[in-house]
Amino acid sequence: MTEADSHEPDLADPGTVPAADRFEVRVTADSHFAWLRTRLSLERTMMSWLRTAVSLIGFGFAIVQFFEHLQQLPGVRPAYRPEAPQYLGLALIMCGVLALIISIWQYRWTVHYLWGGSFGALAGMTRDGMQSPVLAIAVLLICIGLFAFFAVLLRLV
């Protein structure tokens, strides 16, 4: 066994986890732009989470409103389970809110990883210069989702 082999973790042993600084980081133009591509990819992933959550919240609220107005039309037979659309709408709205919470957790963890250890040197800028509005939008959408959830819930009872 050579000296280089003795520093590598045994990947066959599940108890050994490689350290976070397992990569040799060389600050070059190509590694800097790779870091930027990764950071922008993280932003696109977060925006995809936002789009999915908005769809879930909007669709849940629309189901509730549609079936509520449908039951008020003249000549429409009463529903067998009139509360079912409200429950489905509440479930979809809550799924959207939970998706936003999970996305914020994932986003913050990954940003922390990208700025941590030796990867921070690749950024070439300070942390203060890399603020993104997606977190503010996610928090705003959580508030909107909770408002929609409680609006449906309080009309249900």
Positions within the stretch 68-97 being under 14 Å from Gly58 (Cα atoms) and in contact with a Leu (Cβ under 8 Å, 6 or more places away or on another chain), in sequence order: Gln86, Leu90, Leu92, Ile93, Cys95, Gly96, Val97
Subset of the stretch 74-93 (residues that are without any contact (Cβ under 8 Å) to a residue 24 or more places away in the chain and not aromatic (Phe, Trp, Tyr)): Pro74, Gly75, Val76, Arg77, Pro78, Ala79, Arg81, Pro82, Ala84, Pro85
Breaking point among (1) at pLDDT 95 or above; (2) of a type outside the set (D, E, K, R); (3) closer than 28 Å to Thr28 by Cα, for Leu56: (3)
Test result for Thr16, at pLDDT below 80, in contact with an Asp or Glu (Cβ under 7 Å, 6 or more places away or on another chain) and farther than 30 Å from Ile142 by Cβ: yes
Some residue of the stretch 33-44 being at pLDDT 80 or above, of a type in the set (Lys, Arg), farther than 22 Å from Val152 by Cα and exposed (fewer than 15 other Cβ atoms within 10 Å of the Cβ): yes
Every residue from the stretch 69-86 that is over 34 Å from the mean Cα position of the chain (by Cα) and surrounded by 12 or more Cβ atoms within 10 Å (Cβ to Cβ): Gln71, Ala79
Selected residue (criterion: modelled with the lowest pLDDT) from residues of the stretch 68-89 that are out of contact with any Gly (no Cβ under 7 Å at 6 or more places or on another chain) and closer than 21 Å to Ile144 by Cβ: Glu68
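The values are calculated or read from the model by the stated rules, or taken from the named source; none is laboratory data. For clarity, every value in this text was computed on a predicted model and none was experimentally measured. Quick reminder, even Gly has a Cβ in these numbers, built from the backbone with ideal geometry, and neighbours come from all protein chains shown.
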